[in-house]
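Student: Please see the structure below; I have some questions.
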Amino acid sequence: MSSAVEKQDISQDTGGQDSRSRRSGGREARRAMRAAPLADDVRPIRPGLEGGRYKPLGQNDLERIHEAVLTLLETVGFANAIPSCIEACTRVGVILGEDRLRFPRELVMSTIRNAARNFTLCGQDPRHDMVIQGKRVHYGTAGAAVHLVDVEKREYRESLLQDIYDAARIVDGLDNIHFFQRPMVPRDVPDPLDMDFNTLYACVMGTSKHVGTSFTVRENVAPALEMLYAIAGGEENFRARPFVSNSNCFVVPPMKFAEDACGVLEACVEGGIPILLLSAGQAGATAPAAIAGAVVQAVAEVLAGLVYVNALKPGHPAIFGTWPFVSDLRTGAMSGGSAEQALLTAACAQMAQFYDLPGGSAAGMADSKLPDIQSGYEKGITNVMAGLSGLNLVYESAGMHASLLGFCLESLIIDNDMLGHCQRCVRGIEVTDAALSIDTIAEVCLNGPGHYLGNEQTLRLMQTEYFYPAIGDRFSPKEWNEKGKPDILSRAIAEKKRILAERFPRHVPKAIDDRLRVKFGEMIKLPRSGMGC
C-alpha cells in the first residue's frame, strides 16, 4: 500500500543518508501498523454488509411475477414426484392429478409465511457464522467444474480430489470469500459414494468456514452424516450448529422433480442439514428466453421445493436458491458472465426479499477460460450487481471459468481482491455529521496547510473507510518498473504456491481424523501426505 501520507513523508525527506534511513524505518513501522488486522466492527468491509440499493424490478413488476408464479403452481404444477414426495405434499394440501402435483396458492402463501428465515449458516469456527437475513450479503464458491485451470501452462486438466482440498484451504485464509461450497468434482474418484464422501471430507478438512456439498443418491447421505456428527462431537451438536448445507438440484427444469435429488433432500432434512433449494434452468433452453419468464419459472420451482421441505419438517432451514442461467442464443452455449445473467441474479434477489426468504443465487461465472481482462469484467459486473441487489448468498462468485467447466486456484486469490471491491460498493457511503467534514474543511482552509495529507481525519479513516487490495497493482509506473513489471497473475501464482506450501488447517483435531480413518478405512481417498501430515 502506497498511501498519500507515505508520499508526503518521501517528499519531505531531503536530509542525508542517516536521515533517510530513519525516515524509511519510520515509514515501514507506520506501514506495518496500518497493515495490522482490524477489529471486525471497524474494518471497511466484512461479511454480511447490507445491500439492496440496486433494484432492476419495480414494485408492480414484483407483484406481476408473484401472480404468475402462483398461477403456474396452481395450473401447471410438477411432474415426476417420487412416492414419498407425493405422500408428504398431499398430506399438507398439494393436489395430485393424473401425472402432476399442483400447489394451491393459499398453501404456497402459508408455507412462505411459516418458512424458516433469519437463521445462521454456521462454520466449524463460530467466527465464520453467517446470519442469513434481510439484505445481508455474503460471497462464496460453488460449482461442479470438471477441469482445473493450469494458468502457467494455459491448459485445462481434469480436477482431482487434492484440488478440492487445496481450494478449501486457500479459501480458508481469504477474508472476502465467506463460505466454501464444493467448486469441482474429483475426477480421480469415479465411484459415486466415494466421490460424495471424499468431496465432503476434503471440504470440511480444508476450511472451518461453512461448507456446501451435494450427494448423488439418498444412500450416500448416511455415511456423510456419520462423519459430520463425529467432527461435531455428536449428532446433537451438529443439529444445533450445522456447518454443512446440501446444494440440492431437486428440480429438472421445466417443472419436473429430479427423483434422485428428492431422495437426497429427504435424507438431508431428516439428518439436520440445511437445504439450498436449487433451480437452474437455462434461459432459452430449459427456461423461457424472456428474462422475466425465466425468473417466474425459477421462483415457481423453488417455492414448490419450499412446500416440499416444510411438508417434511415445518421450519427446516431452506435457502431460496433461484439460479436461472443464460444462453447465448446464437449457439445455445451458457453465458454466465453476461449482462443478462447479472440482471437475472439481481431480480432473483429481489424476489427473495419480496417473500422475506433467505436468498441464494449465482454470479461471477466467467465465460473466459483464463483469469484475463474478460474474466475481470464478467466477474466484477455480475458480482457487484448481485451484492448491490442485497442477495444473501452469492454462489460461484470466485474461481470459476469457462461457463462453470473450469476452476482456477489463482483466480480465488485475484477474485478475493475483486470481491473486496464489490463489498466496498455494497457498503456504500455513510453520511453523518462527522463525515460531512465541515469542521475539517474549515480547519484545513482557514488554519491549516491547505491540504489533507497527514490530517487527523485522513489518518483515522484510511483504514476504516478505504479498501486496499492484497495483490492488485497500485504502484506508480516507476515503482512497477523497479519491481520487475509484475502483473496480477504472476503475483497470484506466487501467493497460491506460498499458501499451499504453508497453510494446512488443523481445526479438525488429529484424534478425530484418526478415528474417521479407522472407521471408514480405504473409503477415505485423500492421503495424509496431501494434508501436510
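Student: Report ³J(HN,Hα) in whole Hz for each residue of the range 117-122, in order, from the Karplus equation J = 6.51 cos²θ - 1.76 cosθ + 1.60 where θ = phi - 60°; Gly and Pro get x.
Tutor: In residue order, the calculated couplings are 8, 6, 9, 10, 8, 8 Hz.
Student: In the chain, if the dipole is taken from +1 on Lys/Arg beta carbons and -1 on Asp/Glu beta carbons about the Cα centre, which of Val185, Gln124, Phe407 is farthest to the positive end?
Tutor: Gln124
Student: For the chain, with the dipole built from +1 on Lys and Arg beta-carbon atoms and -1 on Asp and Glu ones, taken about the Cα centre, which of Asn176, Leu49, Cys533 lies farthest toward the positive end?
Tutor: In the chain, that residue is Cys533.
Student: Treating only the Cβ atoms of Lys and Arg (+1) and Asp and Glu (-1) as charged, compute the dipole magnitude of the range 303-392 about its Cα centre; round to the nearest 20 debye.
Tutor: Values: 4 positive and 6 negative charges, 41 e Å.
My answer is approximately 200 debye.
Student: Compute the Rg to Rh ratio over the range 432-494 from the alpha carbon atoms, using the Kirkwood formula for Rh, and round to two decimal places. Could you put the intermediate results ahead of the total?
Tutor: Details: Rg = 17.4 Å, Rh = 14.7 Å.
Here Rg/Rh amounts to 1.18.
Student: HN-Hα J couplings of the range 252-266 from phi, Karplus 6.51/-1.76/1.60, θ = phi - 60°, integer Hz, Gly and Pro as x?
Tutor: 9, x, x, 6, 10, 6, 9, 4, 5, 5, 5, x, 4, 4, 4
Student: Modelled label-to-label distance, Thr216 and Ala144, 7 Å Cα→beta-carbon offset: nm?
Tutor: Distance between label points: 1.1 nm.
Student: I would also like to ask the following. Quick check: convex hull of the Cα atoms in the range 316-355, volume per residue, rounded to a whole Å³? It would help to have the intermediate numbers written out before the result.
Tutor: Details: hull volume 2.9 nm³, N = 40.
Expressed per residue, the convex hull around the Cα atoms of the range 316-355 is 73 Å³.
Student: Any chance you could give the angle, 0 to 90 degrees and rounded to 10, that helix 105-114 forms with the longest Cα principal axis of the chain?
Tutor: Computed tilt is about 50 degrees.
Student: Can I ask one more? Given a cut-off of 20 Å, name the pairs among Lys55/Lys135; Lys209/Lys313; Lys153/Lys369 whose C-alpha atoms lie farther apart than that in the structure shown. Mind dumping the intermediate values first?
Tutor: Details: Lys55/Lys135 12 Å; Lys209/Lys313 26 Å; Lys153/Lys369 13 Å.
Pairs exceeding 20 Å: Lys209/Lys313.
Student: List, largest first, the extents of the alpha carbons of the range 66-205 along their principal axes, each in whole Å.
Tutor: Principal-axis extents of the Cα atoms in the range 66-205, largest first: 55, 35, 27 Å.
Student: Right, something else. Which one, Gln463, Leu500, Trp480, projects farthest toward the positive side of the charge dipole computed for the range 453-515 from Cβ point charges (K/R +1, D/E -1)?
Tutor: Looking along the dipole axis, the top candidate is Leu500.
Student: Quick one: putting +1 on the C-beta of Lys and Arg, -1 on the C-beta of Asp and Glu, what dipole do you get for the chain around its Cα centre, in Debye to the nearest 20? Numbers along the way, then the final one.
Tutor: Working: 56 positive and 64 negative charges, 191 e Å.
Here the size comes out at about 920 debye.
Student: What are the ³J(HN,Hα) values, in whole Hz, obtained from phi via the Karplus relation 6.51 cos²θ - 1.76 cosθ + 1.60 with θ = phi - 60°, for each residue of the range 53-67 in sequence order, with x given for Gly and Pro?
Tutor: Each residue of the range 53-67 in turn: 6, 9, 9, x, 10, x, 4, 5, 4, 4, 5, 5, 4, 4, 5 Hz.
Student: Give the long-range amide H neighbours of Phe325: residues separated by 5 or more places, or on another chain, with amide H under 5 Å away, using H modelled in the peptide plane at 1.01 Å from N.
Tutor: Gly281, Gln282, Ala283
Student: Starting from the Cα-Cα distance between Glu74 and Val42, subtract it from 0.36 nm times their residue separation and give me the gain in nm to one decimal.
Tutor: Numbers: separation 32, 0.36 × 32 = 11.52 nm, distance 4.91 nm.
Contour length minus the Cα-Cα distance gives 6.6 nm.
Student: Another question, then. Let me see the pair-distance distribution of the range 126-247: every alpha carbon pair, 5 Å bin width, integer percents in order.
Tutor: 2, 11, 20, 23, 20, 13, 7, 3, 1, 0
Student: Using the Kirkwood radius over C-alpha pairs as Rh, can you work out the diffusion coefficient of the range 299-438 via Stokes-Einstein at 10 °C, viscosity 1.306 mPa s, in µm² per second? Numbers along the way, then the final one.
Tutor: Values: Rh = 16.2 Å.
Value of D from the Cα-based Kirkwood radius: 98 µm²/s.
Student: Now for a different question. Considering amide H positions built from the backbone, and no H for Pro or chain starts, which residues 5 or more places from His178, or on another chain, come under 5 Å of its amide H?
Tutor: Those lying under 5 Å, H to H, from His178 are Tyr139, Gly140.
Student: What residues have an amide H closer than 5 Å to that of Met334, excluding those fewer than 5 places away on the same chain, when H is modeled at 1.01 Å from N in the peptide plane?
Tutor: HN-HN under 5 Å from Met334: Asp328.
Student: Run lengths n ≥ 4 of DSSP H only: what is the helix-derived mean residue ellipticity at 222 nm for the chain, with -39500 (n - 2.57) per run over all residues, to the nearest 500?
Tutor: So the calculated ellipticity at 222 nm is -14500 deg cm²/dmol.
Student: Moving to a separate point now. Given contacts defined as C-alpha pairs under 8 Å and at least six residues apart, what's the relative contact order of the chain, whole-number percent?
Tutor: Values: 1023 pairs, mean separation 97.9, N = 533.
With pairs under 8 Å counted, the relative contact order is 18 percent.
Student: Take His147, His178 and sort them by solvent-accessible surface of the protein heavy atoms, 1.4 Å probe, largest at the top.
Tutor: If we order His147, His178 from most to least accessible, we get His147, His178.
Student: Magnitude of the Cβ-charge dipole of the range 400-533, K/R +1 and D/E -1, about the Cα centre, nearest 20 debye? Don't skip to the answer; put the middle values down first.
Tutor: Values: 19 positive and 18 negative charges, 228 e Å.
Charge dipole, the range 400-533, about its Cα centre: 1100 debye, nearest 20.
Student: If you don't mind, there's one more thing I want to ask. Note down the Stokes-Einstein diffusion coefficient of the chain in µm²/s, whole number, using a Kirkwood radius over alpha carbon pairs, 25 °C, and 0.890 mPa s. Intermediate values should be presented prior to the final figure.
Tutor: Numbers: Rh = 24.6 Å.
The calculation lands on 100 µm²/s.
Student: Determine, for each peptide in 127-133, 521-527, the mean count of other beta carbons within 10 angstrom over its residues, then list the peptides with the highest first.
Tutor: On the way: 127-133: 16.7, 521-527: 14.3.
So the peptides 127-133, 521-527, ranked by packing, come out 127-133, 521-527.
The values are calculated or read from the model by the stated rules, or taken from the named source; none is laboratory data. Because the structure is a prediction, the values reported are computed rather than measured. Note that each Cβ is placed from the backbone with ideal geometry, even for glycine, and that neighbours are counted across all protein chains shown. The area values use the complete protein model at the heavy-atom level, side chains included, leaving out ligands, DNA and RNA. Shrake-Rupley method; radii C 1.70, N 1.55, O 1.52, S 1.80 Å.
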